[in-house]
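Remarks on the structure that follows.
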């Protein structure tokens, strides 16, 4: 099986600096626009930072669900690509994702999903540069484990909170 | 349209329930930038003619929450909170790190001006669609943890639109019970353990029945003057910050040992001493037992000096706070006679949750404990024993102050005002034990050993009094990370010279240089602050001949440690003060001269200061 780029995520190492969002939006939008970033850090409680981006499920439920064939899988990177001309902003892909990862762009309302920057993701560079490694890129064979990362961020947050704060973590979330 | 700015401020009158917007003239922004500088200017414009009559805790005062042009662009996004201070009766620019600043800008606002007083507790919700005044009955009385939890859930629910993707949390500034009950030195809080602590603006929010301001914006950051240059500089400044390994690794969390053992400038038992060599209070004892998140940061920050602590076992299980950072370590540790990391973390969590400012409330509690030590305050007065090092007793006292119960009501007036009242009540002058400058309790960096960064006039000559983040130096360098940082509204721990000035030019397009700032803008801002401080009132007026001075304690010799016997020298202080005032263009008593006011474009202040001059 072919190796593809995947972004490893370790929420516990995320500081919440959100430089990943800054460079994502610089790359895709040309300017700093955190709400348009394809990687989004959820921060439901101080210290509980959740790294939220496309997990590249092996069965691509969002692509399957799109009623107008606006979503496709890149043959090289295996990232989900959005055809913004075709996208009707119906939100079906958002609902189809087990992690509620896609979102409608705050500017044009079109579906927005991580495209791995064509195979060389910007977000991981700044995270690794800072020594955090909350996200970093690997080239690996596709694997069913990837889909496990498509999880609603508040559900992940509950796990992180317990990991950080023990019993108190149950309370704060 | 000025670059780097969203271009408008929200203008909310809580008495009338009216929400408006203001656009400030380009020239005002260029002269005062944002944050601290702009706050002083807005306060002067709106309240200047009747300043001495404005009660800081009355509806007439303003609560300002302002960003600056560099906020969210430069590393370390912060919000600057201000108003007429209920402690100094002047203006303090008090900043806290929080995503609230980013969200405000992303919603299209540079800041919020709040006037009046709501009939019932309210909070403000700011989005791209504008601002709403919302009921906060269910939040009033809640501590920090509960407030954040409820607000995050509530706002997320409100912003949720099926099929559009998950909404994220808002950025929030809020007060705890201390602010609600108008504890004069209460903080405006953010993110559980971040505080805009100096100035007492938590009490100002409380006096307005304003529990919180939440913001969630979806817009891009504003346009800047030179975007491509900015992008290059942004990467460069982060590369520089990432090299600061020791600070990134430890934050200020190793200060609780170092500042005492090395520089001998840490408050111990209400500054009766400044030296200790308690290795059990050293950084590793915090780090390896309690730090659960060794790198924690705020928006666009790679300094990540924050580390989160959590107590997971025993009677204080579930306490969450920052490292604690050095100021909390000192003020809620050795200054209360506590040399146990766990006890200090517990008190820090208590203080944060109550919405006290750790430095200021820690100072007031130590003041009370010294009075207890001296037999001036008794067990009968307090209802319990207040021995140095008794964590549970200080925990209890912090709650009493926050609720203004028993002795807490008196201590809730802050160290200076409490000292005046206790002196009257007990018939003993207790003001020599009050370690404050112009009503602002002094930060945890002493001057007696002359080994720490504040100069002998660092606090005495500063228009922000005891604020350790804005100490007086030479009328040049002190305009940089403190006055510029608080007005550009970025974190001083991310300050990089010269990159911050280059980024300031790329963002605003204005001719901002370090030299120009230090000789013109910075001095304009400090001079305006000095004028408002001198005008003071209505309950307190500072006497330039008496009050621009160090606390009496700093003239007592250090009793222990390698710098035993050292103290502030009055002649040196007087000489340095004269030099400083002269460099600032103020007269020998610290009153800005007419020529200086003219040169800085502040001539409108002259009629108000004329009578003060000799």
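Do we find that residue B:348 is touching a residue at least 60 places away in the same chain (Cβ under 8 Å) and within 14 Å of chain A (Cβ to nearest Cβ) in this structure?
yes
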Of the residues in the range A:1-23, those that are within 7 Å of chain B (Cβ to nearest Cβ) and assigned to a loop (DSSP other than H, G, I, E, B) come to A:15, A:16, A:17, A:18
Determine whether the range A:78-95 contains at least one residue that is assigned to a loop (DSSP other than H, G, I, E, B), touching a helix residue (DSSP H, G or I) at 6+ places or on another chain (Cβ under 9 Å), under 26 Å from residue A:32 (Cα atoms) and in contact (Cβ under 8 Å) with a residue 24 or more places away in the chain. yes
In this structure, does residue B:588 turn out to be over 19 Å from residue B:449 (Cβ atoms), surrounded by fewer than 17 Cβ atoms within 10 Å (Cβ to Cβ) and in contact with a helix residue (DSSP H, G or I) (Cβ under 6 Å, 6 or more places away or on another chain)? yes
Any residue at all in the range A:108-115 that is in a loop (DSSP other than H, G, I, E, B), in contact (Cβ under 8 Å) with a residue 24 or more places away in the chain, out of contact with any strand residue (DSSP E or B) (no Cβ under 9 Å at 6 or more places or on another chain) and surrounded by fewer than 20 Cβ atoms within 10 Å (Cβ to Cβ)? yes
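Taking the range B:208-225 as the region of interest, how many residues are more than 13 Å from chain A (Cβ to nearest Cβ) and surrounded by fewer than 23 Cβ atoms within 10 Å (Cβ to Cβ)?
Going through the range B:208-225 one residue at a time, the tally reaches 2.
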Qualifying residue in the range B:120-137 (condition: within 21 Å of the chain's Cα centre (by Cα) and surrounded by 24 or more Cβ atoms within 10 Å (Cβ to Cβ)): no
Only one of (1) buried (at least 23 other Cβ atoms within 10 Å of the Cβ); (2) closer than 30 Å to residue B:145 by Cα does not apply to residue A:166, and that is (1)
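From the list A:137, A:157, exactly one residue is touching a strand residue (DSSP E or B) at 6+ places or on another chain (Cβ under 8 Å), modelled with pLDDT of 95 or more and within 12 Å of chain B (Cβ to nearest Cβ). Which is it?
Answer to the selection: A:157.
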Please work out if residue B:89 is away from every other protein chain (no Cβ under 14 Å), modelled with pLDDT of 95 or more and not in a strand (DSSP E or B). yes
Take residue B:23 and decide whether it is free of Cβ contacts under 8 Å to residues at least 24 places away in the same chain, under 22 Å from residue B:604 (Cα atoms), surrounded by fewer than 16 Cβ atoms within 10 Å (Cβ to Cβ) and touching a strand residue (DSSP E or B) at 6+ places or on another chain (Cβ under 9 Å). yes
Every residue in the range A:140-154 that is part of a helix (DSSP H, G or I) and either surrounded by fewer than 14 Cβ atoms within 10 Å (Cβ to Cβ) or more than 12 Å from chain B (Cβ to nearest Cβ) (or both), please. A:144, A:145, A:146, A:147, A:148, A:149
Output the number of residues of the range B:370-380 satisfying the condition of being in a helix (DSSP H, G or I) and within 31 Å of the chain's Cα centre (by Cα). 4
Please verify whether residue B:303 is touching a residue at least 24 places away in the same chain (Cβ under 8 Å), in contact with a helix residue (DSSP H, G or I) (Cβ under 8 Å, 6 or more places away or on another chain) and within 14 Å of chain A (Cβ to nearest Cβ), treating the condition exactly as stated. yes
Anything in the range A:116-131 that is at the interface with another protein chain (Cβ under 8 Å from one of its Cβ atoms) and either in contact (Cβ under 8 Å) with a residue 40 or more places away in the chain or closer than 20 Å to residue A:57 by Cβ (or both)? List them, or say none. A:126, A:130
Can you tell me which residues in the range A:24-33 are more than 7 Å from chain B (Cβ to nearest Cβ) and buried (at least 24 other Cβ atoms within 10 Å of the Cβ)? A:24
Yes or no: the range B:313-325 includes at least one residue that is at negative phi, assigned to a helix (DSSP H, G or I) and away from chain A (no Cβ under 12 Å). no
Those residues that are within 16 Å of the chain's Cα centre (by Cα) and either part of a loop (DSSP other than H, G, I, E, B) or more than 21 Å from residue B:170 (Cβ to Cβ) (or both), I need them from the range A:27-56; list them, please. A:27, A:28, A:33, A:37, A:38, A:39, A:53, A:54, A:55, A:56
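Among the candidates B:43, B:125, B:87, B:70, single out the residue that is within 17 Å of residue B:174 (Cβ to Cβ) and in contact with a strand residue (DSSP E or B) (Cβ under 9 Å, 6 or more places away or on another chain).
Selected residue: B:125, the only one of B:43, B:125, B:87, B:70 that is within 17 Å of residue B:174 (Cβ to Cβ) and in contact with a strand residue (DSSP E or B) (Cβ under 9 Å, 6 or more places away or on another chain).
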Which residues, taken from the range A:58-72, are loosely packed, with under 14 Cβ neighbours inside 10 Å, under 20 Å from residue A:143 (Cα atoms) and without any contact (Cβ under 8 Å) to a residue 60 or more places away in the chain? A:64
Some residue of the range A:40-52 being more than 12 Å from chain B (Cβ to nearest Cβ) and over 16 Å from residue B:218 (Cβ atoms): yes
Screening B:339, B:367 for residues that are in contact with a helix residue (DSSP H, G or I) (Cβ under 6 Å, 6 or more places away or on another chain), away from chain A (no Cβ under 14 Å) and in a loop (DSSP other than H, G, I, E, B) leaves only B:339
Search the range A:35-52 for residues being within 14 Å of residue A:105 (Cα to Cα) and in contact with a strand residue (DSSP E or B) (Cβ under 8 Å, 6 or more places away or on another chain), and hand back the single one that is surrounded by the most Cβ atoms within 10 Å (Cβ to Cβ). A:38
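Can you confirm whether residue B:224 is under 29 Å from residue A:25 (Cα atoms) and out of contact with any helix residue (DSSP H, G or I) (no Cβ under 6 Å at 6 or more places or on another chain)?
no
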Within the range B:285-297, of all residues that are more than 7 Å from chain A (Cβ to nearest Cβ) and in contact with a helix residue (DSSP H, G or I) (Cβ under 9 Å, 6 or more places away or on another chain), the one nearest to residue A:13 (Cα to Cα) is B:294
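The values are calculated or read from the model by the stated rules, or taken from the named source; none is laboratory data. Quick caveat: nothing in here was measured; it's all calculated off a predicted structure. With ideal geometry, Cβ positions are generated from the backbone for all residues, glycine too; neighbour counts draw on all protein chains shown.
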